[in-house]
Each structure stands twice: as C-alpha cells, then as structure tokens.
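Shown next, in structure tokens, is the structure this report addresses.
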Amino acid sequence: MTLIRRETESDRAAVHAVQDAAFATAQHASGHEADLVDALRGGEDWVPRLSLVAEVDGKIAGHVVCTHGRLAGERVLGLGPIGVEPALHGKGIGAALMHAVIGAADAVDEPGIVLLGDPKFYGRFGFVLAEELGVVPSDPNWAPYFQVRALANWGEELRGRFDFPPAFDEFG
C-alpha cells in the first residue's frame, strides 16, 4: 500500500537517499537533486506543506516538492525535483505524488505550478507549454520543456518571466 503524506523532519535522510537514487542515471540530471532539496529547505521559498513523500510498506519510496518562484512579481510554485526509488518505477508512485501535490496546491489557493520536464509525460497531469499562458523561462533554451499547470486561482495577469528559487541556480 502506498501512503502519500507530508514530509517530516525525520524523513530528511530518506528523502535525500531517494532523490540521489532516482537521479543517479537520469538523463538531463544535474546529479545534485538531493542537494537541491536540502538547499531549498533552508530558503524563504520553502513550502513545507507541499513537500510530500510516498511511503510503501513503511519506507520512503518517493518524494516531490514545490517551492515558490517568482512570476510577474508574484509568488508562484515551481515543482521539483520529484523522484521515486528506481526499483519501484512503473508502479504509479510518481503519478500519485503528482496528483497529491497538484491537489494540495489547489486546495491552498496557489495559482499554478511551473516545471521543467517532458511535455509528453507531464501533459497527462494538465500541464501545458508555458508560452501558451504567456509565461517564459529564465533560460530561453528551456522553452520546449517549460510547462505550467494553471489551478483554480490562476489569473490572466500572471504572464512574463518565471524564476525558480535561487537554490536552483546552484544545484539545478
């Protein structure tokens, strides 16, 4: 059975290990995704209620986090990293984490979620290319992979450049 819940302080080492394992051989990985999560925790953009773990048989098997970035001067969520233990890929854990974090963000009136990833994969969660909503990445090379999931509180004024939290510059 998989349980999705908020990360607690006692989960930190397990989350670090899961993120390390999840990105060890991932294409386009920086190799520092676990360090990124650790750095984000210490920043002002950390959103504890949107750092979720997937627990399988009492062990941390996956993790997702959203932190606040900036879009048109407004705080808007950036998703990532999301990681699942490689031995458990294909079991729906990543999808469960995505659905949970999207629902949780919407429930607390966040306007949307921005991410960098494969549009074919994230499209199934309602993400669209950011340019369709007038949102551009800080790095123009990201445009084909830069996506937004508008939530119920999305407003047309949310247009322009999106910047992830500063930790992404160091570890992303």
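The values are calculated or read from the model by the stated rules, or taken from the named source; none is laboratory data. This structure is a prediction, so every number in the text was calculated from the model and none was measured. Note that we place each Cβ from the backbone using ideal geometry, even for glycine, and neighbour counts take in every protein chain shown. Note: areas computed on protein heavy atoms with side chains; ligands, DNA, RNA excluded. Shrake-Rupley method; radii C 1.70, N 1.55, O 1.52, S 1.80 Å.
Is one or more of the residues making up the range 145-165 acidic (Asp, Glu), under 30 Å from residue 13 (Cβ atoms), in contact (Cβ under 8 Å) with a residue 24 or more places away in the chain and out of contact with any Lys or Arg (no Cβ under 7 Å at 6 or more places or on another chain)? Within the range 145-165, none of the residues are acidic (Asp, Glu), under 30 Å from residue 13 (Cβ atoms), in contact (Cβ under 8 Å) with a residue 24 or more places away in the chain and out of contact with any Lys or Arg (no Cβ under 7 Å at 6 or more places or on another chain).
Of all residues in the range 1-30, those satisfying the criterion of being over 15 Å from residue 84 (Cα atoms), free of Cβ contacts under 8 Å to residues at least 40 places away in the same chain and assigned to a loop (DSSP other than H, G, I, E, B) are 8, 28.
Residues checked against (1) assigned to a loop (DSSP other than H, G, I, E, B); (2) at pLDDT below 95; (3) closer than 30 Å to residue 155 by Cα; (4) open to solvent by 60 Å² or more (accessible area, probe 1.4 Å):
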position: 43; (1), (2), (3), (4): yes, yes, yes, no
position: 50; (1), (2), (3), (4): no, no, yes, no
position: 65; (1), (2), (3), (4): no, no, yes, no
position: 87; (1), (2), (3), (4): no, no, no, yes
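Number of residues in the range 31-41 that are closer than 19 Å to residue 163 by Cβ and in a loop (DSSP other than H, G, I, E, B) equals 1. Answer yes or no: is there a residue in the range 18-35 that is among the polar types (S, T, N, Q) and within 14 Å of the chain's Cα centre (by Cα). Yes, the range 18-35 contains at least one residue that is among the polar types (S, T, N, Q) and within 14 Å of the chain's Cα centre (by Cα). All conditions but one from (1) of a type outside the set (A, V, I, L, M, F, W, C); (2) within 14 Å of residue 79 (Cα to Cα); (3) open to solvent by 30 Å² or more (accessible area, probe 1.4 Å) apply to residue 161; the one that does not is (2). Can you find, within the range 67-81, the residue that is nearest to residue 166 (Cα to Cα) among those that are open to solvent by 30 Å² or more (accessible area, probe 1.4 Å) and in a strand (DSSP E or B)? Residue satisfying both the conditions and the ranking: 70. Out of everything in the range 1-15 that is open to solvent by 100 Å² or more (accessible area, probe 1.4 Å) and not basic (Lys, Arg), what residue ends up being nearest to residue 67 (Cα to Cα)? Selected residue: 9. Scanning the range 52-63 for residues that are charged (D, E, K, R), more than 16 Å from residue 6 (Cβ to Cβ) and either touching a residue at least 60 places away in the same chain (Cβ under 8 Å) or assigned to a strand (DSSP E or B) (or both) yields a single hit, 59.
Do we have any residue at all in the range 16-26 that's under 30 Å from residue 156 (Cβ atoms), open to solvent by 10 Å² or more (accessible area, probe 1.4 Å) and modelled with pLDDT of 95 or more?
Going residue by residue through the range 16-26, those that are under 30 Å from residue 156 (Cβ atoms) are none.
Within the range 16-26, none of the residues are under 30 Å from residue 156 (Cβ atoms), open to solvent by 10 Å² or more (accessible area, probe 1.4 Å) and modelled with pLDDT of 95 or more.
Of the residues making up the range 96-132, just one is open to solvent by 40 Å² or more (accessible area, probe 1.4 Å), part of a helix (DSSP H, G or I) and of a type in the set (A, V, I, L, M), namely 107. Report yes if residue 54 is farther than 22 Å from residue 161 by Cβ and open to solvent by 10 Å² or more (accessible area, probe 1.4 Å), otherwise no. No, not satisfied.
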